Amino acid sequence: MRLVPWHEPLPMGIALHRVDLALEGELALEGWSELAPEEHGRAKRFALAADRARYTQTRIALRRLLAGRLACDPAEVPLGTGTHGKPCVLGEAGEQLHFNVSHSGVYALIAVADPNRVGHVGVDIEVLNTDIDAQALLDIAFTEPERRAVLAASDVRRAFYARWVGKEAVLKAMGVGVAEHLHSVTLHSDGERSLAVASSLPGWQGIEAMALPAPRGYAAALAWQTKEAMCTRPTL
């Protein structure tokens, strides 16, 4: 496992790290003591060694990263879950930072945000699965404008994933269930990396998103809502 700081430009108040995961071989004991008992239990329930290693290494990296921000030992980071199972830091420590995590294949991404600047943050990374039937999932995952844009693309699979990771990052940022809110937002490309986000839901105005430069064979995106946007009321 290797934790790599992100060097590409990011929005103010957000830091991003990539975790290079080692999925082969037996589960490494290094870092195991930094996990909580419930994390030990969850890790042991994975049937596949690769899934167990992916979860465990990502969790250890997250604890180490947050421990550096909270000035405590990794094992002492009070991790818990909020609404819809979104991981969070519990208690007063949770007021010091926001974070979000995603992992797929041999990589994980961890976004950490300054709560004085950013109210919500979400990140997603996905392997570009060559077996996926993108067209069969269009009606389930996307709104009509998104479906038209994906089908008009020269590479439908890549266009599908570009919007999928952006949409999932937005929904993770807002801390809602992904499946029931897929049609609550519409994304479209708004420049080289910017993704314009449209939603009529109360409190969702001002959400921003961007595509991230991902490793070959992956797609990734970041979404956030600034504190300023959260305090701005739409004009009637």
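Sequence-distant or interchain residues sharing an amide H contact under 5 Å with residue 214, placed H: which?
220
If you filter the stretch 185-231 for trypsin sites (Lys or Arg not before Pro), then keep DSSP loop positions with at most 16 other Cβ within 10 Å, what is left?
Details: sites: 193, 216, 227; in loops: 193, 216.
Hits after loop and neighbour filter: 193, 216.
Please report, to one decimal in angstroms, the Kirkwood hydrodynamic radius of the stretch 108-173 built from all distinct Cα-Cα pairs. Could you put the intermediate results ahead of the total?
On the way: mean 1/r = 0.0761 Å⁻¹.
Averaging 1/r across every pair of different Cα atoms and inverting gives 13.1 Å.
Can you tell me which of 214, 50, 153 moves the most in a GNM of the chain? Springs connect C-alpha atoms under 10 Å apart.
Ranking 214, 50, 153 by mean-square fluctuation puts 153 first.
Suppose R0 equals 35 Å. What FRET efficiency, 1/(1 + (r/R0)^6) with r the Cβ-Cβ distance, do residue 96 and residue 136 give to the nearest 0.05? Let's see the in-between values first.
Values: r = 43 Å, r/R0 = 1.24.
In this case the efficiency is close to 0.20.
Name the most mobile residue of 211, 221, 71, meaning the one with the largest mean-square fluctuation, in a Gaussian network model of the chain with Cα contacts below 10 Å.
Per the Cα network of the chain with a 10 Å cutoff, 71 tops the list.
With a sphere of radius 11 Å drawn around the Cβ of residue 51, what net charge do the other residues whose Cβ falls strictly inside it have (Lys, Arg +1; Asp, Glu -1)? Please list the in-between numbers first.
Values: positive: 42, 45, 52, 54; negative: none.
Computed value for this residue: +4.
What's the local net charge at residue 127, with K and R +1, D and E -1, over the other residues with C-beta under 15 Å away? Don't jump to the answer; show the numbers that get you there.
On the way: positive: 18, 54, 157, 158, 216; negative: 20, 51, 124, 126, 131, 168.
Its environment carries a net charge of -1.
Net charge within 14 Å of residue 194 by Cβ-Cβ distance, Lys/Arg positive one each and Asp/Glu negative one each, not counting residue 194 itself?
Combined, the nearby Lys, Arg, Asp and Glu give -2.
With springs only between Cα atoms under 10 Å apart, run a GNM on the chain and tell me which of 204, 224, 164 wobbles the most.
204
Using R₀ = 25 Å, calculate the FRET efficiency as 1/(1 + (r/R₀)^6) where r is the Cβ-Cβ separation of residue 189 and residue 23; round to 0.05. Spell out each step's value before the answer.
Working: r = 32 Å, r/R0 = 1.29.
That pair, residue 189 with residue 23, gives E of 0.20.
Can you give me the P(r) profile for the chain? Cα pairs, bins 5 angstrom wide beginning at 0, each as a whole percent.
Calculated P(r), rounded to whole percents: 1, 6, 13, 18, 19, 16, 13, 8, 4, 1, 0, 0.
Find the relative contact order for the stretch 1-107 and round it to a whole percent, using C-alpha pairs within less than 8 Å whose residues are 6+ positions apart. Please list the in-between numbers first.
On the way: 116 pairs, mean separation 24.2, N = 107.
Value for the stretch 1-107: 23 percent.
Can you send over the carbon and sulfur percentage of the accessible area for the stretch 187-236, probe radius 1.4 Å, protein chains only? The partial results should precede the final answer.
Numbers: 1600 of 2990 Å².
Carbon plus sulfur share of accessible area: 53 percent.
Which three numbers, in whole Å and largest first, are the semi-axes of the equivalent ellipsoid of the stretch 165-236 derived from its Cα gyration tensor as √(5λ)?
Details: eigenvalues 95, 40, 22 Å².
Sorted largest first and rounded, they come to 22, 14, 11 Å.
Any idea how far the Cα center of the stretch 124-145 sits from the one of the stretch 63-92, in Å?
So the separation of the two Cα centres works out to 32 Å.
The values are calculated or read from the model by the stated rules, or taken from the named source; none is laboratory data. Small disclaimer: the values here were computed from a predicted structure and weren't measured. Methodologically, a virtual Cβ is constructed for each residue, glycine included, from the backbone with ideal geometry; neighbour enumeration extends over all protein chains shown. These area figures cover heavy atoms from the full protein model, side chains too; ligands, DNA and RNA do not enter into them. Shrake-Rupley method; radii C 1.70, N 1.55, O 1.52, S 1.80 Å.
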